[in-house]
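Read through the structure below, which is laid out as structure tokens, and then see the notes.
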Amino acid sequence: MPAVSAFPGLIPDESVDGVAHLIQTALTPVFMLSGIGTLLNMFNTRLARVSDRIEIVRDKLESQDDKTDKDTRTLLRRLALLHYRTLLLDAAILFGGVGGASACGSAFALFLGSVRDSAVAWWLVLMFGNALVCTVIALGMFLGDSIVAWHGLRVTIFLPHKRDLLTSITPQD
């Protein structure tokens, strides 16, 4: 005679392996949500730093005494790059948020599937798959921001180009 479970529908298999599998499956979206939360924190911190730099560049533009055309163009170019970075980081935060909500949805679908003993596999695949896709897109947007930031350093002459370094260290006759 099979043993009667105290929690019918919650534990699909009375064996230790079945319970361990249920716990592993339930924790996967929670760990993903934790990672997405960390990414969102990093994206927001980076966006705050970019916003601070935008304010600095705007203050420099407004307080220029001798408005040389070259300086103004350089500051406007920096401002355009910083604006582009805010768009990329906003998109990263948006997709990260949707990915986090989808991870929560997949954890909820797992919970409902366990409690109601119903077929929620389709919802689970949809939600967890969406969480993965959105997280990958968010990381892609962050990579785009990193590339724009690096390019911005080169364009605004913070970092010398290789040819400039070579001419500065070669002896002049």
- request: Kindly indicate whether any position in the range 44-52 is acidic (Asp, Glu), more than 20 Å from Ile147 (Cα to Cα) and in a helix (DSSP H, G or I).
  value: no
field: Of residues in the range 57-112 being under 25 Å from the mean Cα position of the chain (by Cα) and of a type in the set (Lys, Arg), the one nearest to Ala26 (Cα to Cα)
entry: Arg85
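Residues checked against (1) assigned to a helix (DSSP H, G or I); (2) open to solvent by less than 80 Å² (accessible area, probe 1.4 Å); (3) at pLDDT 90 or above:
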site	(1), (2), (3)
Ala3	no, no, no
Asp17	yes, no, no
Gln24	yes, no, no
Leu33	yes, yes, no
Arg77	yes, no, no
field: Residue in the range 88-99 that is closer than 27 Å to Leu47 by Cα, among the acidic types (Asp, Glu), without any contact (Cβ under 8 Å) to a residue 60 or more places away in the chain and in a helix (DSSP H, G or I) present
entry: yes
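The values are calculated or read from the model by the stated rules, or taken from the named source; none is laboratory data. The structure presented is a predicted model; accordingly, all values stated were derived computationally and were not measured. Neighbour counts run over all protein chains shown; Cβ positions are idealised from the backbone, glycine included. Only protein heavy atoms, including side chains, enter the accessible area calculation; ligands, DNA and RNA are left aside. Shrake-Rupley method; radii C 1.70, N 1.55, O 1.52, S 1.80 Å.
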